[in-house]
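This report refers to the structure that appears directly beneath it.
The values are calculated or read from the model by the stated rules, or taken from the named source; none is laboratory data. Please read all numbers here as calculations on a predicted model, not as lab measurements. As a convention, Cβ positions derive from the backbone with ideal geometry for all residues, glycine included, and neighbour counts pool all protein chains shown. All accessible areas refer to the heavy atoms of the entire protein, side chains included, with ligands and DNA or RNA removed. Shrake-Rupley method; radii C 1.70, N 1.55, O 1.52, S 1.80 Å.
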Amino acid sequence: MHLHVELPLESSTSLEDDLKRRKRRSVSYVLCFVCMGLAVGSTGPAFADITKHIHVNLSPAFVARGAGGIMGGTLGGLILQKFNTKGHAIVAAGAASTALAALLIPQARVLWQAGVALFLLDAGCGLLQQANTLIVWAQPTNRQTIWLNILNGTFGIGSLLAPLAVAAVAFMFQLNHQTAVCYASTGAAAVALASGVGLVSIDSPTQPKITTTSSPSPSSPPPSSTYGRQIVQVIATALALNASVGAETTFGAFAEAYVIGQQTKHPGRLVNITESERDILSSAFWCSFTFGRFACAFALDRYIQRKATKGAEEIALLMQAFLALVGALMPVVAPASRAALWASALCVGAGVAGLVAGFLAQVARAMPVSGNVAAATALGTMTGVSLWQTITTAFGAEHMMEIISVATGVALVIQACFVAEKLT
């Protein structure tokens with residue numbers, strides 16, 4: 001039995017108008033993801049100051065962050081399943097929550113304040129994750145993977161700009177690091193709120209209709225078997241998203257703290273790495289991450305035009321996970337090496353760049369993406385942020401690279417299973 005996805009078109013709407021509507025929606029989601037990246041990226045510089053005021057373990061705050069991500073991601077998907085036309089309201093609510101979090105995080109002076117701010121941040125990010133589903137609904141099948149890479153790549157742009165904005169504000173206005181973080185976070189909050197307001201004015205796409213183009217053949221698996229395989233694939237994808245997002249956000253949040261920990265652990269070897277260089281190292285990671293995602297979009301576009309061989313996208317995703325693992329192991333093998341730190345930032349960034357979009361695209365190719373599927377994948381994504389950062393906080397930022405090695409290894413193993421299934 002073959003399933004055919006039909007994008008809903010109004011009978012009185014021309015093809016040109018429909019293409020303009022799709023592009024307008026997709027660009028709006030991109031702007032929201034830039035703002036999400038700004039809010040998340042600002043947490044890295046902010047944590048360097050927060051730890052100066054909060055002299056207790058921050059693990060409870062990251063648990064609160066995880067709870068917010070679980071609530072936002074799951075609730076957003078379930079609402080999308082129930083109210084098919086309210087997608088833009090869900091994403092706009094997420095933008096408002098991340099804007100409020102961006103304002104509160106630099107002001108946190110006690111543990112509960114940090115917990116509330118991080119809860120709001122990931123609750124908003126979980127709601128914003130529904131844009132991944134909306135862009136799948138808005139785009140034809142052969143453009144979904146490309147737009148997913150573009151969408152998630154612009155998150156990297158925001159994350160890249162955040163620490164650069166802090167450094168620029170501090171330099172231009174001769175401000176200390178803490179004040180510069182507050183100024184930059186206020187700007188990020190204003191842009192996020194504006195993007196959410198703008199999105200509400202655009203009509204939301206709905207889930208495409210699915211029609212059967214032929215009768216099932218005798219050799220086709222029974223519906224119950226197909227349904228069971230889909231459940232397994234969704235669960236495996238959620239776990240892979242958990243590990244992938246955990247790797248990228250942990251590096252972004254703890255890169256500066258990791259360098260400080262290595263300077264303390266190996267005195268004299270990294271002592272000349274300044275505060276500004278730590279900010280730039282974090283930006284280098286996000287720059288590599290962003291470039292990697294757009295490179296994936298370009299490569300996939302070329303792949304679709306040339307109709308590459310079976311399993312090419314899955315194998316490419318496997319190679320990216322392998323690159324991320326190699327990059328994460330570099331500082332572990334060569335501790336206190338400045339060259340290893342920079343090489344790791346570039347390799348991990350490029351390696352994890354296309355993982356989220358790639359795993360989401362695999363699900364979209366295998367089954368219809370409903371609100372329930374969106375809830376499951378968003379749950380995996382948002383728990384990845386809190387789980388791996390909580391582990392890093394518990395073991396100490398100086399062990400960040402070992403923890404990221406485990407996360408990228410999990411993604412690599414899961415993708416290897418997907419590749420094996422595809423090629424058999």
**OP:** Please give, to one decimal in nm, the separation of the simple spin-label points placed at Ile231 and Asn176, each 7 Å out from Cα toward the Cβ.
**Re:** 5.7 nm
Subject >> Theoretical FRET efficiency, 1/(1+(r/R0)^6), r = Cβ-Cβ of Asp203 and Ala336, R0 56 Å, to 0.05 >> reply: 0.55
Original post:
For the chain, what % of the accessible area comes from carbon and sulfur atoms, probe 1.4 Å?
Top reply: 69 percent
**OP:** Please work out how much accessible surface Arg338 shows to a 1.4 Å probe, ignoring ligands, DNA and RNA, in Å² rounded to 10.
**Re:** 80 Å²
**OP:** Take the Cα of Thr141, step 7 Å along the line toward its Cβ, and report every residue of the stretch 344-370 whose backbone nitrogen sits under 14 Å from that point.
**Re:** 362-369
Subject >> For the stretch 318-424, accessible area per residue (1.4 Å probe, heavy atoms of protein chains only), Å² >> reply: 34 Å²
**OP:** Figure the gain on full extension for Lys52 and Arg109 (residue separation times 0.36 nm, minus the Cα-Cα span) and round it to one decimal in nm.
**Re:** 19.6 nm
Subject >> Order of exposure, largest accessible area first, which applies to Cys417, Cys125 with probe 1.4 Å >> reply: Cys417, Cys125
Original post:
If each of Leu423 and Phe298 carries a label point 7 Å out from its Cα toward its Cβ, how far apart are those two points in nm?
Top reply: 2.7 nm
**OP:** Could you order Ile280, Ile157, Ile50 by accessible surface area, starting with the largest, using a probe radius of 1.4 Å?
**Re:** Ile280, Ile157, Ile50
Original post:
For the chain, with the dipole built from +1 on Lys and Arg beta-carbon atoms and -1 on Asp and Glu ones, taken about the Cα centre, which of Thr237, Asn84, Leu151 lies farthest toward the positive end?
Top reply: Asn84
**OP:** Using only alpha carbon pairs under 8 Å that are at least six residues apart, calculate the relative contact order of the chain and give it in whole percent.
**Re:** 27 percent
Subject >> Among (1) 137; (2) 201; (3) 149, the entry derived from the coordinates for volume of the Cα convex hull per residue in Å³ >> reply: (1)
Original post:
Measuring with a 1.4 Å probe in the full set of protein chains, what accessible area per residue, in whole Å², belongs to the stretch 21-122?
Top reply: 38 Å²
Original post:
Roughly how many debye, to the nearest 20, is the charge dipole of the chain about its Cα centre, given +1 on each Lys and Arg Cβ, -1 on each Asp and Glu Cβ, and no other charges?
Top reply: 480 debye
**OP:** Please label the shape of the stretch 20-69 as rounded, prolate or oblate, based on the square roots a ≥ b ≥ c of the eigenvalues of the alpha-carbon gyration tensor (a/c under 1.5 means rounded; beyond that, a/b larger than b/c means prolate, else oblate).
**Re:** oblate
Original post:
Helix hunt in the chain: which complete DSSP H runs extend at least 24 Å axially by C-alpha with mean Kyte-Doolittle at least -1.0?
Top reply: 15-41, 59-82, 87-104, 111-128, 144-173, 177-200, 223-265, 275-306, 312-333, 371-395, 400-423
